[in-house]
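The values are calculated or read from the model by the stated rules, or taken from the named source; none is laboratory data. None of the values given here were measured: they were computed from a predicted structure. Note that each Cβ is placed from the backbone with ideal geometry, even for glycine, and that neighbours are counted across all protein chains shown. Ligands, DNA and RNA are excluded from the accessible area calculation, which covers all protein heavy atoms including side chains. Shrake-Rupley method; radii C 1.70, N 1.55, O 1.52, S 1.80 Å.
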Amino acid sequence: MSVRLDHVTAGYGGPPVVLDVDLTVATGALTSIVGPSGCGKTTLVRTVAGFLRPTSGTIFIGDREVSGPTTFVPPERRRVGIVPQEGALFPHLDVAGNIGFGIPRGGMPDGTSSDARVEEMLALVGLSGRGAAAPHELSGGQQQRVALARALAPRPDVLLLDEPFSALDAGLRAELRAEVREVLRSVGTTTILVTHDQEEALSISDQVALMIAGQIVQRGTPQDLYANPRSLVAARFLGDLVEIPATQVSAGIARTPLGDIPVSSTDTTTGVVLIRPENLRRASAHETPLIAGTITSIDYHGHDSLLRVETDAGIPVHVRQAGAPDAALGDRISLVMNEKGMVLPIRD
């Protein structure tokens, strides 16, 4: 089922933590709410779960109003599943007991027995045969799979994932989130993921909602948010940037201390030219360089490298290359752009 929040404001008795939020999550889609720690992400999903009543606004799950000025459906009647940080499995129950905890005592409404549903969920998350295991006998990733199976077992209309991968190491986190995305696609459950990790949000979501200081400042597809941020704060949060001041922008050209740079904007304005590091590359012999400078640092990450280049104008820029760098510290380097830059006014 879809989820819709209309002008939702919520807090804990003091100043609002969430302020006038509008958000729609389509049926069967995965929406990530991403933002820095303390921005209100978890508070917002607590209102969807029913753990916190908004001070104003309405929340719908499907066509049913679950929270509003005169309506409040308690959490246990909202058909919402939750996967918290670190799984929060019951240590005194085995894996099967954890998964079966939320299944109705008499089995599923379609007649499926509790035991059969548990086995079905174990297979879904790749843990067939581990029902008798204790939670402490499982790895961190396996425990999170059990937590996911427990949340999905009663067939909720909506699933809430609150930083579910944050306690895992980087390699396992990437592997598990891909597995979880496949599981969610297979069951078609509408999902809201809370995360502070922009890479996580961009990699698995159908929609990303960027939250800053209690407000959704931009929402859209991952590709749209990354390529077309509406503000500097959004652009900076969603990925590395090269920022170059522009004194004039006209007819798709920005005048900057580094020279004229082609940009997607045609408005005459001052502001800042934004270039993602992966959109800069070394100029080939037959290309006219756009930027020239000296490499002052190299961060090698295995899958890519980030080069810091001190330009001749004294403005540093960063260049991302796939794999190992093709230059060394102190080398002179000439750069061109793969795509036009973005221009935003300096107002935040």
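The residues packed around residue 75, meaning those with a beta-carbon under 12 Å from its beta-carbon, carry a net charge of +4 if Lys and Arg are +1 and Asp and Glu are -1. Within segment 250-348, the trypsin sites (Lys or Arg not before Pro) that combine a DSSP coil assignment with at most 11 other C-beta atoms in a 10 angstrom radius are 347.
Between 0 and 90 degrees, the angle of helix 170-187 with respect to the longest Cα principal axis of the chain falls at about 60 degrees. GNM on the chain, alpha-carbon springs under 10 angstrom: the most fluctuating residue among 43, 296, 195 is 296. Here the alpha carbons of the chain define both size measures, Rg and Dmax, at 24.1, 74 Å.
Calculated [222 nm] ellipticity per residue, helices only, for the chain: -6500 deg cm²/dmol; basis is -39500 (n - 2.57) per DSSP H run with n ≥ 4, divided by all residues, nearest 500.
The Rg/Rh ratio for segment 25-117, using Cα coordinates for both the radius of gyration and the Kirkwood hydrodynamic radius, is 1.01. Per residue, the accessible area of segment 92-150 comes to 49 Å² when a 1.4 Å probe rolls over the protein heavy atoms.
Relative contact order of the chain: 15 percent, from C-alpha pairs under 8 Å at least 6 residues apart in sequence. Within a Cβ distance under 12 Å of residue 177, other residues only, what is the Lys/Arg minus Asp/Glu net charge? Here the count lands on -4.
Note on the chain: with neighbouring protein chains present and a 1.4 Å probe, carbon and sulfur make up 51 percent of its accessible heavy-atom surface. Taking chymotrypsin sites (Phe, Trp or Tyr not before Pro) as exposed when DSSP calls them loop and at most 16 other C-beta atoms lie within 10 angstrom, the chain has its longest site-free stretch at 102-348. Helix 140-152 and the long axis of the chain differ in direction by around 60°, with both axes built from C-alpha atoms.
In the context of the full set of protein chains, segment 222-270 has a per residue accessible area of 49 Å² (1.4 Å probe). Under 1.5 on a/c is rounded, so check that first for segment 143-215, then, if it is not, pick prolate when a/b is larger than b/c and oblate when it is not; a ≥ b ≥ c are the square roots of the alpha carbon gyration tensor eigenvalues. Since a/c reaches 1.5 but b/c is at least a/b, the shape of segment 143-215 is classed as oblate.
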